[in-house]
Each structure stands twice: as structure tokens, then as C-alpha cells.
Amino acid sequence: MTNYRVVLAAAVASGLLVYGGFVGIEAAVNGTVPAAPTAGEVSVQGSTVHLDRTGRPTVVGEVANGRNGPITNVTVTVTGYRNGDRVASATQRTLRTTIPAGATAPFDVHLPTESAVDDYDVSVSFREGGDVDSALVVRNQHVESRGQDRVVVGGTVVNIGDRPRELSRVVATFYDANRSVIGARQSRPTRTLRPGESVTVSVRFRTLGDVPSYARRFDDFDLAAVANRTDA
């Protein structure tokens with residue numbers, strides 16, 4: 001398989017958000033954010049930035065696979081800048097490390113600094129190929145509860161395949177009304193589902209204390225199940 005690296009740039013918007021003493025900066029990728037993966041390309045879409053509960057700038061968004069086949073070992077590197085100077089950099093895997101053709105996977109990258117950033121860029125590394133297991137699907141996706149600073153979403157994971165699958169984790173991507181990503185979370189049920197078997201799952205998106213959060217901007221979400229094959 002061939003290794004690839006794609007570099008994308010983003011700039012922080014001018015507005016500041018203040019939460020209980022923390023100052024958060026909202027950001028979006030420059031230009032038009034595509035509603036679907038661009039044909040033939042791997043891109044980042046719908047990114048935003050806020051401060052996590054320890055005051056670190058945190059960039060969330062989605063990697064979109066516009067290629068004809070899957071990509072795997074997908075990692076995202078975010079570099080933050082202040083007045084043109086590099087502040088910090090961090091690398092994380094997307095929450096789904098293999099992305100099928102035409103699909104997306106969220107990322108959640110925390111910069112190891114409490115310094116404010118006014119600009120950042122994102123680079124994506126990946127390999128062509130990877131096993132795509134579509135046996136586990138999430139049905140009946142719904143909002144279980146919603147408060148000012150907390151959203152709980154749920155669904156039913158069903159094994160539609162002909163072999164047992166281990167449900168290793170459930171990935172939730174949260175969006176605002178502009179379809180920008182405002183959060184990415186995961187839960188790890190870690191249980192085996194036989195063909196036709198199902199299980200209910202839930203994922204929470206919330207604020208802890210004086211934490212900048214976009215939970216109150218929640219408008220939509222998507223759940224995806226990550227499966228492992230099992231010999232059981």
C-alpha cells in the first residue's frame with residue numbers, strides 16, 4: 001500500500017467565546033466546506049476549535065474519503081499558530097482508522113498548550129486499502145435526552161452479517177446547524193453480536209464545569225459502529 005499525506009489550511013474566525021473564565025476561539029476551514037467528499041480527494045471538512053476542560057485548544061472535524069476505495073491508518077496532525085509563530089502540534093488517529101469510499105470519520109485533536117491560537121493547519125496521513133466490515137449497522141438513531149450543556153444520543157447496533165462480530169466501539173459525530181463538527185465522542189461496549197443479534201447503545205456529549213462546549217449548539221449527529229471479526 002502507498003502512504004499519502006495531504007496538507008490543508010484553516011484560519012481562526014475573529015469571534016471569541018467566553019465560558020466561566022475560559023476564552024474559546026471558534027474556527028472554520030477557509031472557503032466552502034463540502035457537503036460530501038470531493039471526488040478523488042481526501043479532505044477535511046467542517047472543522048471547529050474550542051478549549052478542552054484543561055484549557056488546551058482542541059480541533060475537531062471530519063476526514064472525508066473521496067477516493068474510489070477505502071483508506072486506512074488515517075492520522076491527523078494539527079499545528080497551531082499565534083501571530084505567525086508555531087505554538088504547538090499534535091497527532092491523533094481518526095476515531096475510525098479505516099474510512100470506506102465516500103464516507104467520513106471524525107477527529108478530536110488536543111494541542112499540548114494552554115496558549116491561544118489564531119491560526120492552524122491540518123495534515124492528513126493515510127494508506128490506500130484496508131478492510132471494510134459493514135456487518136454492524138446502527139438503526140433507530142435518536143436523541144435520548146438534551147439539556148443546556150449535555151446531549152445523550154442512542155441507537156441500536158445490529159449485526160446484519162453472516163458471522164459473529166465484536167462491537168469494539170461506537171463513534172458519535174455531533175454537528176451544529178451549519179453541519180460543522182462541534183464534537184466527537186466514542187463509547188466502548190466491547191461485546192460480541194451473533195448474526196441477527198442487536199444491542200442498544202448511547203453516547204454522551206457534555207460540559208464538565210467551566211468547560212467551553214458546543215453542546216448547546218447541537219443540531220444533528222451520526223453514530224457509526226466499529227466491528228472486529230471473531231471466531232466465536
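We did not get these values from a lab; they are worked out from the coordinates using the rules stated. As the structure is a prediction and not an experimental result, all values here were calculated from the model. Ideal geometry is used to build each Cβ from the backbone, glycine not excepted, and the neighbour counts take in all protein chains shown.
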**Request:** Work out how much length residue 53 to residue 204 would gain on full extension: take 0.36 nm times their residue separation and subtract the Cα-Cα distance, in nm to one decimal.
**Result:** 52.8 nm
**Message:** On a full-extension model of 0.36 nm per residue, what is the gain between residue 68 and residue 178, subtracting their alpha-carbon distance, rounded to one decimal in nm?
**Reply:** 36.9 nm
**Prompt:** Listed highest first by mean packing, meaning other Cβ atoms within 10 Å per residue, what order do 42-51, 64-73, 134-143 come in?
**Reply:** 42-51, 64-73, 134-143
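Which of the three applies to region 56-146, rounded, prolate or oblate, going by the alpha-carbon gyration tensor with a ≥ b ≥ c and a/c under 1.5 meaning rounded? If you can, show how the numbers build up before the last one.
Numbers: a/c = 3.06, a/b = 1.56, b/c = 1.96.
It comes out oblate by the Cα gyration axes.
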**Complete:** For residue 131 and residue 41, extending 7 Å from Cα along the Cα-Cβ vector and measuring point to point gives, in nm, a value of 3.3 nm
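Can you tell me the length gained on complete extension of the stretch residue 222 to residue 116, counting 0.36 nm per residue apart and subtracting the Cα distance?
On the way: separation 106, 0.36 × 106 = 38.16 nm, distance 3.00 nm.
Stretched out fully, the residue 222 to residue 116 stretch lengthens by 35.2 nm.
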**Fill in**
Among region 148-181, those whose backbone N falls under 14 Å of a label point 7 Å along Cα→Cβ from residue 97 are 168-169
**Prompt:** Looking at the square roots a ≥ b ≥ c of the eigenvalues of the Cα gyration tensor of region 116-210, which shape do they give, rounded for a/c under 1.5, prolate if a/b is larger than b/c, or oblate?
**Reply:** oblate
